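Structure first, commentary second.
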Amino acid sequence: MDIAKALIKTAEKFPQKPAIIFKDQSISFSELKTISFKLANSLQKIGIKKGDKVAIYLPIWPEYVVSYLAIFSLGATAVPLDYLLTMDELVSCLSHSETKILIAKSKDDLSFQVLQNKVRSLEKIVLCQEVKEGFLNLEELIAKGEPDFLGTEIEDNDYAMIMYTSGSTGRPKGVLKSYRNMESAPMAMKPTVDIAHKDTVICCLPLSHDGGFVFIQAMFSYGITVVMMERFVPIEFLRNIQEYKVTFFWLVPSMFYALLNLKEFEKFDFTSVTRIVVFGAPSAPEPLKRFHTYCPNAVFLNGWGMTETMGPTIVLPRDSDNIASIGKPLPWVEIKIVDDNDQELPLGDVGELAVKSWCVMVGYYKDPEATNQVMRNGWLHTGDLAKIDSQGFVYIVGRKKEMIKVGGQLVFAPEVEEAIHKHPKVAEVAVIGVADKLRGEVPKAFIALKEGESALEEEIRSFAKEHLAHFKIPHYYQFCDNLPKTRSGKIDKESLRSKL
């Protein structure tokens with residue numbers, strides 16, 4: 001995918017249309033193209049060429065988008081980094097990726113001088129919104145850059161991005177993606193959500209994650225307007241929908257629950273919203289259906305994707321109301337359900353979801369062992385447990401590591417969470433397996449109640465008995481003010497396990 005050409009085409013079609021709205025300020029497509037190409041030319045002058053690694057360490061700011069577009073225009077490899085990463089994590093990712101230039105914003109607990117000394121490959125650091133001796137300045141590079149971009153020949157197999165996983169279970173893995181991989185998400189949006197230039201979307205997901213990056217792809221591919229938020233603040237999210245007449249958005253389930261728990265939720269006007277998609281984790285259908293009732297003009301869709309598959313891979317058809325399912329695979333995606341011996345299972349049986357397509361990652365950067373563990377005979381083994389019904393709809397049951405073996409019986413954590421979530425006092429719930437001498441493992445539930453509510457363990461246990469078989473009922477309950485989240489908004493179960 002030649003992103004510079006896509007940006008030029010879109011800017012010619014919609015020169016004055018806002019590409020980005022951030023803190024009530026807008027950047028038109030014409031301005032975005034000019035700024036991005038000026039930065040690309042300046043990066044080229046300071047030594048960046050095709051294939052070089054350029055890392056981005058910024059909040060959810062327009063400068064993140066501009067940096068992405070400049071890097072891709074050069075045929076270089078972007079290394080997007082979460083702005084919450086610590087010094088040690090930064091050193092690890094930058095060293096592993098062999099980053100040559102870092103575009104970053106300062107933080108009080110971070111020394112860029114120390115960082116530069118620790119990362120041998122790092123030649124220059126470009127600071128955003130800050131002038132400091134010994135470092136380049138992003139705004140100055142843009143100001144000095146030439147607006148006319150000569151272009152770079154992009155090949156399908158060229159490396160576009162190394163996107164690091166969250167690393168919650170160990171050292172982060174760098175998911176290596178080609179420029180060919182980059183075509184998948186834009187291609188998926190037209191048939192599944194009918195995205196077009198008339199759309200305005202809202203983004204509060206990190207741009208270092210696929211969930212946020214997809215908004216950028218949709219912007220330069222289709223000419224949509226992206227309302228960007230530096231962080232997810234539920235009440236501000238709703239205000240932005242109303243003010244900018246947002247037509248389409250996608251969130252992870254925990255964000256939907258946060259919105260539903262707002263007292264002011266019902267006061268906002270959602271009539272502009274025509275499509276809503278939930279990605280990123282198994283979903284409890286009931287809360288999502290409730291959310292849908294307040295958006296009368298919206299088609300509510302579910303879907304599935306992962307960093308290794310470049311965004312949307314399985315999506316619920318627009319004419320289906322089967323919100324419990326994540327949908328059906330896209331036309332260029334093959335799927336199957338396999339057992340522990342990689343043998344395909346019959347319809348209806350639960351096993352691991354395997355995916356095969358040109359949209360699947362190249363592999364884990366400089367980690368053939370990890371790549372070979374998940375890529376076998378051309379199939380990506382996702383680690384998600386799923387089943388397929390007779391009509392071809394796919395249902396996610398949970399992660400393999402979320403399977404709890406209770407005295408020989410299999411319990412899937414999302415099923416238990418969905419049952420407990422139906423309790424009217426429960427705002428959020430997470431279930432994990434804990435060791436038990438008698439049964440091997442038993443479920444434990446971490447519960448955050450809605451504001452102003454109180455409940456005893458026995459009340460939740462009795463409610464669970466009404467909805468679950470006895471061996472699925474949690475043995476332990478722990479009430480929390482709130483549940484920890486990953487940067488992408490999912491409940492952080494690894495953090496809960498670490499506190500046991």
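Relative contact order for the range 407-498: what is it in percent, counting Cα pairs under 8 Å that are at least 6 residues apart? Mind dumping the intermediate values first?
On the way: 135 pairs, mean separation 26.2, N = 92.
Result for the range 407-498 is 28 percent.
For the range 35-49 and the range 301-330, what is the centre-to-centre distance using only Cα atoms, to the nearest Å?
37
Within the set Lys245/Lys267; Lys356/Lys472; Lys328/Lys356; Lys23/Lys190; Lys5/Lys177; Lys50/Lys100, which residue pairs have Cα atoms separated by over 24 Å?
Values: Lys245/Lys267 15 Å; Lys356/Lys472 33 Å; Lys328/Lys356 14 Å; Lys23/Lys190 29 Å; Lys5/Lys177 19 Å; Lys50/Lys100 12 Å.
Going by Cα-Cα distance, Lys356/Lys472; Lys23/Lys190 fall outside the 24 Å limit.
For the range 232-399, compute Rh as the Kirkwood radius over C-alpha pairs and then the Stokes-Einstein diffusion coefficient at 4 °C and 1.567 mPa s; write the answer in µm²/s, rounded to an integer.
Result for D is 75 µm²/s.
For the pairs Lys263/Lys400; Lys9/Lys124; Lys53/Lys400; Lys33/Lys198, flag any whose C-alpha to C-alpha distance is greater than 29 Å. List each step's numbers first, then the result.
Working: Lys263/Lys400 36 Å; Lys9/Lys124 32 Å; Lys53/Lys400 34 Å; Lys33/Lys198 19 Å.
Check vs 29 Å cut-off fails for Lys263/Lys400; Lys9/Lys124; Lys53/Lys400.
For the range 232-399, what does the relative contact order come out to in percent, with C-alpha contacts under 8 Å and a separation of six or more? Numbers along the way, then the final one.
Details: 293 pairs, mean separation 25.7, N = 168.
Value for the range 232-399: 15 percent.
Report, in debye and to the nearest 20, how large the dipole of the range 85-177 comes out about its Cα centre when Lys and Arg carry +1 and Asp and Glu carry -1 on their Cβ.
On the way: 11 positive and 16 negative charges, 99 e Å.
Magnitude of the dipole: close to 480 debye.
Go through Val226, Ile71, Pro331 and say which Cα lies farthest out towards the positive end of the charge dipole of the chain; charges sit on Cβ, +1 for Lys and Arg, -1 for Asp and Glu.
Comparing the listed Cα positions along the dipole, Ile71 ranks first.
Note the angle between two axes, namely the Cα long axis of helix 62-73 and the longest principal axis of the Cα atoms of the chain, as a number of degrees from 0 to 90, rounded to the nearest 10.
Taking the Cα atoms of the chain, the angle to 62-73 is about 70 degrees.
So if I take the centroid of the Cα atoms in the range 417-435 and the same for the range 67-145, what is the distance between those two points in Å?
Using only Cα atoms, the two centres lie 41 Å from each other.
Please give the calculated 222 nm ellipticity per residue for the chain, where each DSSP H segment of at least 4 residues contributes -39500 (n - 2.57) and the sum is spread over every residue; nearest 500 deg cm²/dmol? Each step should come with its number before you reach the end.
On the way: 15 runs with 147 residues, N = 500.
Estimated from H runs of four or more residues: -8500 deg cm²/dmol.
Pairs of Cα atoms under 8 Å, at least six residues apart: use those to get the relative contact order of the chain, whole percent. Mind dumping the intermediate values first?
On the way: 1034 pairs, mean separation 54.2, N = 500.
After rounding, I find 11 percent.
About its Cα centre, how strong a charge dipole does the range 232-399 have in debye, to the nearest 20, once Lys and Arg get +1 and Asp and Glu get -1 at the Cβ?
Details: 15 positive and 20 negative charges, 111 e Å.
Dipole of the range 232-399, to the nearest 20 debye: 540 debye.
Could you give the size of the charge dipole of the chain about its Cα centre, using +1 on the Cβ of each K and R and -1 on the Cβ of each D and E, expressed in debye and rounded to the nearest 20? Working shown, then result.
Values: 59 positive and 64 negative charges, 50 e Å.
For this selection, approximately 240 debye.
If you take the charge dipole of the range 1-127 about its Cα centre, with +1 on Lys and Arg Cβ and -1 on Asp and Glu Cβ, which of Leu94, Gln44, Ile125 is farthest toward its positive end?
Gln44
What full-extension length gain, to one decimal in nm, is calculated for Ala143 and Asp319 as 0.36 nm per residue of separation minus the Cα-Cα distance? Display every interim value, and only then the final one.
On the way: separation 176, 0.36 × 176 = 63.36 nm, distance 4.84 nm.
Extending this stretch completely gives an extra 58.5 nm.
Each value in this text was obtained by applying a stated rule to the coordinates, not by laboratory testing. Just so it is clear, the model here is predicted, and its values are computed rather than measured. Glycine gets a Cβ as well: all are built from the backbone with ideal geometry, and neighbour counts include every protein chain shown.
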